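What follows is one structure encoded as structure tokens, with my remarks underneath.
The values are calculated or read from the model by the stated rules, or taken from the named source; none is laboratory data. Keep in mind that what you see is a predicted model, and the values were worked out from it rather than measured. Virtual Cβ from ideal backbone geometry, glycine too; neighbours counted across all protein chains shown. Ligands, DNA and RNA are excluded from the accessible area calculation, which covers all protein heavy atoms including side chains. Shrake-Rupley method; radii C 1.70, N 1.55, O 1.52, S 1.80 Å.
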Amino acid sequence: MKKMKPNLQEKQFEDNEIIVSKTDLKGKILYGNRIFIELSGYTEKELLGKPHNIVRHPDMPKVIFKFLWNFIQGGKEIIAYVKNLSKDGSYYWVKAFVTPSFNGKGEIVGYHSIRLKPTEQAKQAIIPLYKELLEIEQREGIQKSQERLERILAQRGESYEEFVLSL
């Protein structure tokens, strides 16, 4: 399935709408609720079994997903702001709460994500940061991007989670 070229059309959703998806351990989509399917622009059939990164926007720095995967694979939840790409090339921003799902033995069996509409204030804070991290990644690689993010957090005296929650 070929992704569309991104365009500048932003999709909106309501403040009271909650986007939900579930994936397996590899990030393949097992479930997506109605609003997730609608915003993605794909049909349910097109989404199920596909990697969740089918909706990854190229403006997203890879280091954010590296942080995300490190947290959830380590059994911890994480909150992140994410710009997603729809099938038609439009985009939408989310505040994503991602958690591991456990079986009765305490083993991680998949991941669950609930996404809300971010505030404009949060988007305006995150957009220049992501732009800077992406430029560093494209020039010098993901390691340098991660080092820059860690320096920013250290300067603020905050963990990644504290930073995201402060927006």
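Quick rundown of the values:
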| quantity | calculated |
| --- | --- |
| Rounded if a/c under 1.5, otherwise prolate or oblate - the range 3-57, Cα gyration tensor axes | oblate |
| Shape call, the range 44-167: gyration tensor on alpha carbons, a/c limit 1.5 | oblate |
| Virtual spin-label span in nm between Asp88 and Leu116, 7 Å along Cα→Cβ | 2.8 nm |
| Relative contact order (%) - criterion: Cα under 8 Å, at least six apart; region: the range 49-167 | 23 percent |
| Residue order for Asp88, Asp15, Asp24 - accessible surface, 1.4 angstrom probe, largest first | Asp15, Asp88, Asp24 |
| Farthest toward positive dipole pole in the chain [+1 Lys/Arg, -1 Asp/Glu at C-beta], among Met60, Asn16, Leu129 | Met60 |
| Amide hydrogen neighbours beyond the local backbone of Lys87, cut-off 5 Å, H modeled | Gly41, Tyr42 |
| Within the chain: Cβ-based charge dipole about Cα centre, in debye rounded to nearest 20 (Lys, Arg +1; Asp, Glu -1) | 560 debye |
| Over the range 1-70, relative contact order from alpha-carbon pairs under 8 Å, at least 6 apart, % | 25 percent |
| Label-point gap, in nm, between Ile127 and Asp24 - each point 7 angstrom along Cα→Cβ | 3.8 nm |
| Heavy-atom accessible area ranking, 1.4 Å probe, most first, across Ile54, Ile108 | Ile108, Ile54 |
